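Any read-out appearing in this document is the output of simple, stated calculations on the displayed coordinates, not a laboratory observation. Small disclaimer: the values here were computed from a predicted structure and weren't measured. FYI the Cβ positions are ideal-geometry reconstructions off the backbone, even for glycines, and counts take in every protein chain you see.
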Amino acid sequence: MHNNKYLQEEIIRISGVNPSKCMRCGKCSATCPAYDEMEYHPHQFVNMVECGDIEPLLNSKSLYKCLSCFACIDRCPRGVQPAKVVEAVRLTAIRKQGANHLTADMVPEIVDEDTPQQLLVSAFRKYTK
Amino acid sequence: MQRVGVFVCWCGSNIAGTVDVEAVSEALKSEPGVVFSTNYQYMCSQAGQDMIKQAVKEHNLTGIVVCSCSPRMHEATFRKTAAAAGLNPYMVEIANIREQCSWVHKDMLTGTEKAIILGKAAIAKVNLNAPLIPGESPVTKRALVIGGGIAGIQTALDIADAGFPVDIVEKKPTIGGKMAQLDKTFPTLDCAACILTPKMVDVAQNEKIRIFSYSEVTEVSGFVGNFEVTIKKNARYVKEDICTGCGACVEKCPMKRIPNEFNLGMDNRPAIYIPFAQAVPKVATIDPNACNMLKNGKCGVCSKVCAAGAIDYTQKDEYINEKYGAIVVATGFNPISMDKFDEFAYNQSKDVITSLEFERLTNAAGPSAGKLLRPSDGKHPHTIVFVQCVGSRCESCAEKGKEYCSKICCMYTAKHAMLTRDKYPDTEVYVFYIDVRTPGKNFDEFYRRAVEEYGVKYIKGMVGKVVPEGDKLKVQASDLIANKQLHIDADLVVLAAAIEPDKSARPLATMLTASMDTNDFFTEAHPKLRPVESPTAGVFLSGACQGPKDIPETVSQAGAAASKVIGLLAKDKLTGNPCVANSNELMCNGCSSCANVCPYGAITYEDKEFRMPDRTTKIRRVASVNPAVCQGCGACTVACPSGAMDLKGFANLQIMAEVDAICK
Ligand SMILES: Cc1cc2nc3c(=O)[nH]c(=O)nc-3n(C[C@H](O)[C@H](O)[C@H](O)COP(=O)(O)OP(=O)(O)OC[C@H]3O[C@@H](n4cnc5c(N)ncnc54)[C@H](O)[C@@H]3O)c2cc1C
Ligand code: SF4
Ligand code: SF4
Ligand code: SF4
Ligand code: SF4
């Protein structure tokens, strides 16, 4: 496992989340509607950030499967806010790539009836920052 | 002028490591009043104490300053030494040069300088000390136990066994508490009623014990050994001494659809009721909010069918005043409300229940006569999901749930799961856990049996949501070890709800001036060394009101509390603390500022005659402190605008002398 201190601190800073508050109950992942689409699940995001194991998250499609529904934030008994961690990793990935991928004219191409609206909204927000 | 002896302790290297003890005893030699100064390795040892006694004799000492650890550690020790040497014990002052000096400083120079200053302050104070003699107060040889669960029952039985009279005040119509509602009990699986009800009968038959059921404590005054308590006996509209508990009234009452609190609302009871067959006292109670006679003056059936003539619709609440030497709090706990936990659909489906409801569902005297049936349709459930830690172990600022582990739920969930598999082997039983916490004698073995012998499926993970769909409960959960999200179609979901202290505990604590933690559990005087005493003298703690506990732990604590009470009641007189407030009547203007701040109600006012300079007499209202009630907190001394109130042993003059010595 690779410990990337710089990225770890960056993600903790952006998200404002203290991953050491997590007690590994798994309620976030029990609640997550996008679970089956994700390679890394909400509790793993928290855990891997806590361990500084960031690269696999940055390169994982899971980042874009999260619906930002915030169910995990609502249910977490320890107030960890996993969705914010996912979001912070996503931001880090985008900043690393230094590009704004999603533009309005790309939407028709990628959208189909299964694409949740929240995903588009949050993708826009992130991609154009 | 006093003749002061100074004794500087090394505390091994604890003090001598950062404080030059030789320099300290040398420097303090020249302080006013000091006639002898020395240092030694362990002042508290026998040799150290002998050294003090010797010096008192040789140098005719009238005051002693020990520069050592915190007075909380050894003030009592050195006071005893002084007394043994013929000095008044209150002529001893401690300069704390360990906790407040050597332990916080790293540098020998600063440490030594500060130790000298602290020593000077103590010398300045002891020069103004006067001998104090503690007062004595008698002990009322009767105990009060508030709460009649297993904790209160055990404490009362043990106190009565030692020969002292005990009163139990229980707010419900019967004693027994939560244990009366349980089915079987871990870890041995004996039936709760079989081991509890004989104890309840013992209580009822014990001549030394009086039970005030359906009653509450409304007022407490006084102090250790001498409490005065008002007990409100709520009107139950049935004469307790006449009712035989035959139940004829219960059978005939037409108002039959009142949710039965003993079965947690899972079935109904009439307006007149006896909570359960073995209730103690076995006396009927009329629910005034449900009885048609009491509400509208129509009905009166129970009075007609009662052969004993026990019904009395005109009964009033009764207030009883009694004196006690000691008070034991045993108010227990309750499961928290599940209203805020929408994700588990507790309020949407009757088949999502709490563990206490599960106890009633499996209890032979419960709403389904002990058959495990779904509350919604009375069918036998084939798949049951148990969820642990519901509302326990949450973050401290969580808007729902508690920060602590409720301690008993891992074990009772294992019990429920095991008993279900034992009685209904065709049932699939899942337990979702974060951790399985089963320390305790034969506890982990018990949990492992549930898994290995009874085939309960323990899954490391949590349930995220429960959605009622048709006659199923769709359970979505995580399995962290398989790294999977699970979807289970369950027939019944059982929530191990966190437990919390009874809601009445907080106002009761205020009445008793007993302290509580932020979760409203009563605080013990010392978490390790004085676990069954409250910091308020004469108030003791028993059972789950002090923290989550199972029955074995509750009973041991209940016995421990009883032995402390017996130790107190066995005394004929109590020695008080002489460091109490007293008011200078010539300066007091009777403004009431002090009485308003005194947390113990120690101050009263009296009208006194005073001779004026012109030889006339004048009657003035002045404060007077009851030294037996005063705890010496000092609040009044700072509240008094005329400087009339002072604390013996901590007089304003003495404190100022210390400050002066430090600032010199
Ligand atoms: C679902 C469940 C299953 C359990 N199973 C087991 C088990 O198998 N084995 C085991 O060892 N433990 C078990 N326990 C734990 C057990 O119930 C407790 O350890 C025990 O009941 C604690 O006793 P207590 O007397 O301190 O409190 P309680 O039983 O709560 O009794 C307190 C009493 O005080 C009364 N009271 C409260 N406030 C006042 C007031 N202000 N004035 C007057 N009276 C008042 C209450 O009405 C009550 O009667 C279980 C608990 C639950 C919730
Ligand atoms: S719900 Fe919260 S505490 Fe539980 S695993 Fe997820 S982040 Fe950790
Ligand atoms: S916010 Fe993302 S990670 Fe959290 S529950 Fe929703 S989809 Fe899952
Ligand atoms: S005892 Fe077990 S189930 Fe109860 S809160 Fe503690 S860990 Fe959770
Ligand atoms: S010292 Fe405290 S307890 Fe004593 S009379 Fe004053 S305020 Fe009351």
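Overview of values
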{"quantity": "Electrostatic dipole magnitude of chain B [Cβ: Lys, Arg +1; Asp, Glu -1; Cα centre; debye, to 20]", "calculated": "940"}
{"quantity": "Cβ-based exposure ranking for B:Ser593, A:Ser20, in which fewest neighbours within 10 Å come first", "calculated": "A:Ser20, B:Ser593"}
{"quantity": "Other-chain or far-sequence residues with amide H under 5 Å of B:Lys465's (modelled H)", "calculated": "B:Gln476"}
{"quantity": "Residue-span extension gain [B:Arg615 to B:Lys340] - 0.36 nm each, minus C-alpha spacing", "calculated": "91.6 nm"}
{"quantity": "Cut-off under 5 Å, modelled amide H: who pairs with B:Gly222 long-range", "calculated": "B:Glu228"}
{"quantity": "The stretch B:192-267: trypsin sites (Lys or Arg not before Pro) falling in loop per DSSP and having at most 13 other Cβ within 10 Å", "calculated": "B:Lys256, B:Arg257"}
{"quantity": "Kirkwood-based shape ratio for the protein assembly as shown, expressed as Rg/Rh from alpha carbons", "calculated": "1.07"}
{"quantity": "For the stretch B:325-339, 3J(HN,Hα) per residue [Karplus equation, 6.51 cos²θ - 1.76 cosθ + 1.60, θ = phi - 60°, Hz, x = Gly/Pro]", "calculated": "x, 9, 10, 10, 8, 9, 7, x, 9, 9, x, 6, 6, 9, 4"}
{"quantity": "Euclidean distance between Cα centres, the stretch B:478-555 to the stretch B:117-174, Å", "calculated": "23"}
{"quantity": "Rounded, prolate or oblate (a/c below 1.5 giving rounded, otherwise prolate when a/b exceeds b/c) for the stretch B:581-648 by Cα gyration tensor", "calculated": "prolate"}
{"quantity": "Cα lying deepest toward the dipole's positive end in chain B, options B:Thr616, B:Thr230, B:Gly547, charges on Cβ", "calculated": "B:Thr616"}
{"quantity": "Residues whose placed amide H lies under 5 Å from that of A:Gly79, excluding near-sequence neighbours", "calculated": "B:Glu395"}
{"quantity": "Among beta bridges that DSSP assigns inside the protein assembly as shown, antiparallel share in %, nearest 5", "calculated": "55"}
{"quantity": "Rounded to 5, percent antiparallel among DSSP beta bridges of the stretch B:333-500", "calculated": "45"}
{"quantity": "For the stretch B:117-123, Karplus couplings with θ = phi - 60° (6.51, -1.76, 1.60), whole Hz, Gly/Pro x", "calculated": "5, 4, x, 4, 4, 5, 5"}
{"quantity": "Cross-link table B:Lys460/B:Lys549; B:Lys400/B:Lys465; B:Lys371/B:Lys423; A:Lys21/B:Lys402, entries beyond 18 Å C-alpha to C-alpha", "calculated": "B:Lys460/B:Lys549"}
{"quantity": "Residue exposure sequence - A:Phe70, B:Phe386, B:Phe358 - by fewest surrounding Cβ within 10 Å", "calculated": "A:Phe70, B:Phe358, B:Phe386"}
{"quantity": "Cβ-placed point charges (K, R +1; D, E -1), dipole of the stretch B:235-316 about Cα centre in debye, nearest 20", "calculated": "260"}
{"quantity": "Estimated dipole of the protein assembly as shown in Debye, rounded to 20 [Cβ of Lys and Arg +1, of Asp and Glu -1, Cα centre]", "calculated": "1120"}
{"quantity": "Dipole-positive endmost among B:Ile64, B:Val493, B:Thr140 within the protein assembly as shown (Cβ charges, Cα centre)", "calculated": "B:Thr140"}
{"quantity": "Ranked B:Arg615, B:Arg620, A:Arg78, B:Arg530, criterion: other C-beta atoms within 10 Å, fewest first", "calculated": "B:Arg615, B:Arg530, B:Arg620, A:Arg78"}
{"quantity": "Mean ellipticity per residue at 222 nm, deg cm²/dmol - from DSSP H runs of n ≥ 4 across the protein assembly as shown, formula -39500 (n - 2.57)", "calculated": "-9000 deg cm²/dmol"}
{"quantity": "B:Gln205 paired with B:Glu261, simple spin-label distance in nm, labels 7 Å along Cα-to-beta-carbon", "calculated": "3.0"}
{"quantity": "Lysines with Cα under 27 Å of B:Lys608, excluding same-chain neighbours fewer than 8 positions away", "calculated": "B:Lys618, B:Lys648"}
{"quantity": "Estimated vicinal HN-Hα couplings, Hz - the stretch B:419-429 in sequence order (Karplus 6.51, -1.76, 1.60; Gly, Pro = x)", "calculated": "5, 5, 5, 5, 7, 10, x, 7, 8, 7, 10"}
